[in-house]
Structures are given as structure tokens and as C-alpha cells.
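Structure first, then comments.
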Amino acid sequence: MRAEGEVGSSAPGASAAEEARGSPSRLTALSDGVYAIALTLLVLNISVPAGPEHSQFVHALQDVWPRLGTYGLSFAVIASLWRDHRRIFQFVARVDDASVLLTLAGLGAVALLPFPTTLLSDYGGREPQAVTFYAATIAAANLLYLLLFVRILRHARLRSRPVHRRVAQGVAVDHAGTILIAAATAAVAWTVSPTAGLYLWLAALPCGIAARRMRRRGGQASG
């Protein structure tokens, strides 16, 4: 019997062979590996030339600060996507071809993120294309995970347990809000300035806080 406020029901019983074929364990292991590599590749964008004089070293060190800033931003973005991926898969009992493809496509966007991060650190202050490419990559990853979550909601056979309505709303607000902010960032980068577009990422904080509150309340209600 489904509790009030829950979306769908848990997956029906399946044989051991069916569960083994559709188990998400290998997909989650692959995902963790891709996220770990993507986080590590971000560091490769940070370097100082070897053997400079003191004055040149100080100047080179000053040039590193923008790269450290984009490193911190992208690390937070990838860590947030990994957190969202983990939370979505808490409700997954088995995967099908569509959910595997959506997950792999999302991982492709995550693995690509170190490249637009480099563009952002090198050209983000003066080239709107760099800001747009960065925003588009983040928007694509969030859209793919949102589609994955919707598929899990719509197919009870893929779920391990029901999803509380507030949890579903929180996930939708989180991903949809990030997509809208990414679009606004690209628009402002072209119409105002690339630097102004980057500051719009601060607007992601209220969306994240609201989504976390919805999920926490949903977890308390479902418990």
C-alpha cells in the first residue's frame, strides 16, 4: 500500500537472474570512477613555470589565482553532481537500456567539464564563448540527470522504494534551477559581459538550499 505523498511504488519481485542483469552496481562503480578522474583532471589546469626569478615567480603565482577560482567552482559543481547521482541511485533497484544511456551521457558531460574549466580560467573574463561552453556543459549534465530521475519515477519496476513527493520536488527544483541559471549566465555573458555572467552562479545557492529542505522534509515525512 502506498503512503500518502509518495510517488509510485517499489519494484515488483524479480528473479535472481533478472536482478543480476539489471543491477545498478556496475554502473554506480563506473560513475564513481569517472567522477574521481574528472575531479583529478581539474588539478592539471593549475601550474607554475619551473625555475623563474623571484619577481617572475610572484607574477606567475598571481596568474594562478583565477585558475584556483575556477578549480574551486568546478570541484563544487562536480561534487554536487556526484551527490545528486548518488541520491538518485538510492531509489534504483535495477537499470534498463534507457537509464544506462542517460547515465552514460551524464557521465560524458561530467568528464568533459575539465576542458571548459580551462577555457573559463583562460578566457572567461573576456570571451563569452568560454562562459557559454562552461554553462552549457553544466546544463547538459543536469538535464540528463533530471531525465534519468523522471524515468525512475515513471517506471516502478526500476525503483527500490517509493519516492516521497517532496523529495521529487526537491530534485526537480535543484536540476531545473541550475539549468535556468546556466542559460541566464550565457545570456548575460553575451549581452552584458562574461564577468557579469559568472556572478549569476551565486543565484544557485537559494535553489540548492530550497531543494535540500524539500528533500529533508520528504525524508522525515516518509520515515
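One line per residue, one yes/no per condition, for (1) among the small types (Gly, Ala, Ser); (2) farther than 29 Å from ALA196 by Cβ; (3) touching a strand residue (DSSP E or B) at 6+ places or on another chain (Cβ under 6 Å); (4) open to solvent by 60 Å² or more (accessible area, probe 1.4 Å):
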{"site": "SER74", "(1), (2), (3), (4)": "yes, no, no, no"}
{"site": "SER99", "(1), (2), (3), (4)": "yes, yes, no, no"}
{"site": "GLY108", "(1), (2), (3), (4)": "yes, yes, no, no"}
{"site": "LEU113", "(1), (2), (3), (4)": "no, no, no, no"}
{"site": "THR117", "(1), (2), (3), (4)": "no, no, no, no"}
{"site": "LEU120", "(1), (2), (3), (4)": "no, no, no, no"}
{"site": "GLY124", "(1), (2), (3), (4)": "yes, no, no, no"}
Within region 178-223, can you find the residues that are loosely packed, with under 15 Cβ neighbours inside 10 Å, modelled with pLDDT of 85 or more and not in a helix (DSSP H, G or I)?
VAL192
Scanning region 122-136 for residues that are within 9 Å of ALA182 (Cα to Cα) and of a type in the set (S, T, N, Q) gives THR132
With the structure loaded, tell me whether ALA50 is over 30 Å from ARG154 (Cβ atoms), modelled with pLDDT under 90, of a type outside the set (Val, Ile, Thr) and open to solvent by 40 Å² or more (accessible area, probe 1.4 Å) or whether it fails that test.
yes
If we scan region 118-125, do we find a residue that is modelled with pLDDT under 95, of a type in the set (Asp, Glu), more than 17 Å from SER31 (Cα to Cα) and not in a loop (DSSP other than H, G, I, E, B)?
yes
Across region 147-172, which residue is nearest to PRO24 (Cα to Cα) among those that are part of a helix (DSSP H, G or I) and open to solvent by 50 Å² or more (accessible area, probe 1.4 Å)?
ARG157
I'd like the full set of residues that are touching a helix residue (DSSP H, G or I) at 6+ places or on another chain (Cβ under 9 Å), open to solvent by 50 Å² or more (accessible area, probe 1.4 Å) and not hydrophobic (A, V, I, L, M, F, W, C), limited to region 76-97.
ARG86, ARG87, ARG94
I'm trying to understand the selection: among the residues of region 117-154, which are basic (Lys, Arg) and within 23 Å of ARG165 (Cβ to Cβ)?
ARG151, ARG154
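The values are calculated or read from the model by the stated rules, or taken from the named source; none is laboratory data. Since the structure is predicted, the reported quantities are computational estimates derived from the model, not experimental observations. Every residue, glycine among them, receives a Cβ derived from its backbone with ideal geometry; neighbour counts consider all protein chains shown. These area figures cover heavy atoms from the full protein model, side chains too; ligands, DNA and RNA do not enter into them. Shrake-Rupley method; radii C 1.70, N 1.55, O 1.52, S 1.80 Å.
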